[in-house]
Every structure is written in C-alpha cells, then in structure tokens.
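What follows is a short report on a single structure.
The values are calculated or read from the model by the stated rules, or taken from the named source; none is laboratory data. Small disclaimer: the values here were computed from a predicted structure and weren't measured. So basically every Cβ, Gly included, is an ideal-geometry build from the backbone, and we count neighbours across all protein chains shown. Ligands, DNA and RNA are excluded from the accessible area calculation, which covers all protein heavy atoms including side chains. Shrake-Rupley method; radii C 1.70, N 1.55, O 1.52, S 1.80 Å.
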Amino acid sequence: MRVHFWGTRGSLPASYTTEVIRKKIFSAIKASSSISLRTDEEIEKFVYKGLANKSLPFSAIGSYGSNTSCMEIDGGEEYILCDAGTGLRDFGNHVLRSSAQGVQNKTNVFNIFISHLHWDHIQGFPFFTPAFIPGNRVNIYGFHKELEQAFITQQEYPFFPIPLKLLSADIKFTVLEENRDYEIAGFAVKGIKQNHPGGSYGYRFEKDGKSIVYSTDSEHKEDAYDEEYIFVNFFKDADLLIFDAQYSLLDAISAKENWGHSNNIIAVELSVKADVKHLCIYHNEPTFDDERLDEFLEDTRRYLRIYAETSPLIIDIAYDGMQVEL
C-alpha cells in the first residue's frame with residue numbers, strides 16, 4: 001500500500017515566485033562552493049546524496065508544493081483519493097499520461113472522499129480531466145447533506161463555463177452516515193466528525209492489516225487531554241496518520257484560535273498516546289516558505305524528543321509529490 005500526496009497546502013494554493021527559485025539556486029550553489037562538480041554524474045550525486053545526508057536542506061533543492069488538499073491511497077484495483085483540492089488536477093493529468101504510455105493498471109473507477117465542502121477541498125474538481133471522459137466512473141463520498149449541491153454550484157454560471165451535468169463521466173454522490181462502517185473499493189472505511197467551522201470529517205482506511213488515517217481541518221482543544229478522548233481511539237495504532245498541523249502552538253491558542261486547525265504540538269502528543277507509527281503533518285500554512293517549513297519540521301521532531309524521548313514515532317511534513325510506502 002502506498003500514499004501519494006498531490007496537494008498538501010491548506011486554505012488556498014501557495015504562490016511560487018521567481019524570487020523563491022532564485023533563493024534555492026543561491027543556497028545550492030553556496031553549498032557546492034567547496035566541491036568539484038564538473039560532470040553531470042557529480043552534480044546528480046551532490047543533489048541526491050546531499051539531501052540524504054542532510055548536507056543540503058530540502059528547501060534548497062525541493063519544494064513543499066503549492067496545491068491544496070488531495071492525496072491518493074494506492075492499494076487496490078480502483079482509485080482512492082481524499083479531497084479534491086487543486087492537487088486533483090495533477091493527479092488526473094498523471095492518470096492520462098500513464099494511460100497513454102500503457103502503464104495504467106487500474107480500473108476507470110475513481111473514489112473521492114471529501115472531508116468538507118470548503119473551497120480549497122473541492123476547487124480542483126472542475127479541472128479533473130477523467131471526469132470529462134465517457135466510460136469513467138467517479139464516486140464522490142462525504143458526510144455533508146449538501147455534498148452534491150456544492151459541486152454543482154461551483155460549476156454554475158458565473159463561476160465556471162462548464163456545468164457539472166455536462167461532464168461525460170458517470171458521477172455519483174453518496175452521503176455517508178456517522179457511526180457506520182463501510183466497505184468501499186476493498187477498504188474498510190469509517191469517519192469521525194471533527195471540530196471545524198461548518199463541520200469536517202476524518203477518515204480511517206484499513207486493508208490487509210494496514211491502517212491510514214486522514215484527519216485534516218480539525219481543531220483539537222482542551223478536551224484532547226481527557227483520558228477518553230475519542231480521537232485517540234480513532235488514531236489508535238495507525239500505520240500513517242495524516243494530521244492537520246497548519247499552525248504553531250502560539251498561533252493556535254492566540255490569533256487563530258477557533259479557526260478550525262491544529263498545531264504540531266498536539267499532533268505529536270496525540271500520535272504518541274495513540275501509538276501511531278508515522279505522523280505526517282499536512283494542510284501546510286500557505287504563507288510559510290520552504291525554509292520555514294523545514295524549521296517547522298525540525299521543531300516538531302525536537303518536541304517529540306522532549307515529550308517522549310524513546311518514542312519510535314516517525315515524523316514528516318507532507319509535500320506535493322511525496323510518497324509513503326506502508
């Protein structure tokens with residue numbers, strides 16, 4: 001089973017300017033000033049080995065990306081995705097390229113699970129090319145009663161030139177019920193209601209003894225320290241927990257309290273309590289550049305060593321294009 005992140009930014013797409021690229025080039029050149037790089041092989045070794053051995057920061061030769069929420073779970077015959085942010089466009093284009101190259105090994109069924117209906121989580125769907133192709137099936141799941149209407153509205157005049165009803169794929173909307181377990185596309189699936197303006201839902205996917213929890217747009221407050229906190233059970237023993245930690249602790253408890261997002265400190269504490277194996281910070285702050293997100297990751301890992309020194313928890317920050325093997 002593998003998770004592929006197609007969009008990892010929160011709230012809105014992050015800008016990517018010429019100045020940002022120039023800073024990366026400057027950092028990489030500065031780091032290479034004492035090294036002989038005369039051949040393509042030497043340059044390639046410097047770039048990839050430098051990232052592996054930490055002599056080069058990720059921010060110098062990589063990017064956390066600019067797309068809003070969309071991630072794929074690869075582990076069955078049908079496609080499984082969570083959320084339809086701008087990352088969905090890149091996923092759809094990837095599917096078309098793979099099909100054209102004859103390397104596509106899945107059916108033409110796309111299952112999309114929506115956490116909630118805020119625009120950054122559905123805005124990629126009008127640009128999802130597989131939805132325009134006859135013979136494809138797109139199953140959209142969510143817990144909000146307005147699920148279908150939200151997708152219809154964002155493609156109505158004057159917001160978009162092509163109404164949802166004119167898309168050629170077979171598109172079906174299914175409103176899920178709380179406190180119920182489902183079997184969908186070979187996965188055991190269940191949801192949990194989260195604290196977010198308008199309400200959002202997290203998902204737990206299980207298959208072949210592996211479990212993935214997708215929990216974005218969820219604010220954890222004082223009740224997170226209760227012994228019987230419901231999310232600890234929902235996260236329990238997850239092989240991978242994808243967790244909304246858009247804010248620092250200071251932002252989360254001051255200027256941005258009640259905005260519906262969590263912080264890296266509570267992410268660590270809940271993961272340790274739930275015996276999570278791998279924590280992946282998600283819904284990244286769009287105003288943070290790559291250097292700031294590098295620092296955010298190191299701060300989070302440092303806190304783990306303070307909070308639970310012997311914990312085997314792995315911590316990463318998701319970036320567009322990142323893959324995690326389970």
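Here is how the numbers come out for the structure above:
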item: Per-residue HN-Hα couplings for the stretch 104-116 [Karplus 6.51, -1.76, 1.60; θ = phi - 60°; Hz; x = Gly/Pro]; result: 7, 10, 10, 6, 8, 10, 10, 9, 10, 9, 9, 6, 6
item: Rg(Cα)/(2.2 N^0.38 Å) for the stretch 176-217, N = residue count; result: 1.20
item: Heavy-atom SASA rank of HIS118, HIS4 (probe 1.4 Å, accessible area, largest first); result: HIS118, HIS4
item: Span from the the stretch 7-22 Cα centroid across to the the stretch 99-130 one, whole angstrom; result: 22
item: Quotient of C-alpha Rg and 2.2 N^0.38 Å, computed over the stretch 190-326; result: 0.98
item: Within the stretch 71-109, backbone nitrogen closer than 14 Å to the virtual label 7 Å beyond the Cα of ASP170 toward Cβ; result: 107-109
item: Helix-only [θ]222 nm of the chain, DSSP H runs n ≥ 4, -39500 (n - 2.57) each, per residue, nearest 500; result: -8000 deg cm²/dmol
item: Carbon plus sulfur fraction of accessible area for the chain, probe 1.4 Å, in percent; result: 52
item: Phi-based couplings in Hz for the stretch 71-79 (Karplus 6.51, -1.76, 1.60; Gly and Pro marked x); result: 9, 10, 10, 9, x, x, 7, 10, 7
item: Accessible heavy-atom area order of GLU309, GLU222, highest first, probe of 1.4 Å; result: GLU309, GLU222
item: Low-density loop cleavage sites - trypsin sites (Lys or Arg not before Pro) in the stretch 1-108, where at most 11 other Cβ are within 10 Å (DSSP); result: ARG38, LYS54
item: Whole-Hz ³J(HN,Hα) from phi, Karplus 6.51 cos²θ - 1.76 cosθ + 1.60, for the stretch 321-326, glycine and proline x; result: x, 5, 10, 10, 8, 10
item: Largest to smallest principal axis extent of the C-alpha atoms in the stretch 152-266, angstrom; result: 49, 41, 21
item: Relative frequency of Cα-Cα separations exceeding 19 Å in the stretch 47-129, percent; result: 50
item: The stretch 279-303-the stretch 206-230 distance, computed between alpha-carbon centres (Å); result: 20
item: Ellipsoid semi-axes in whole angstrom, largest first, where each is sqrt(5λ) of the Cα gyration tensor of the stretch 1-88; result: 32, 18, 9
item: Percent antiparallel among DSSP beta bridges (both partners in the chain, rounded to 5); result: 45
item: q = 0.16 Å⁻¹, the stretch 199-278: log10 I(q)/I(0) [Debye, one scatterer per Cα]; result: -0.56
item: Gyration tensor (Cα) of the stretch 142-197, equivalent ellipsoid semi-axes in angstrom; result: 27, 16, 7
item: Mean shadow area of the chain, taken as a quarter of the surface of its Cα convex hull (nm²); result: 18.8
item: Of GLY198, GLY102, GLY135, the one that fluctuates the most in a GNM where the chain has Cα springs shorter than 10 Å; result: GLY102
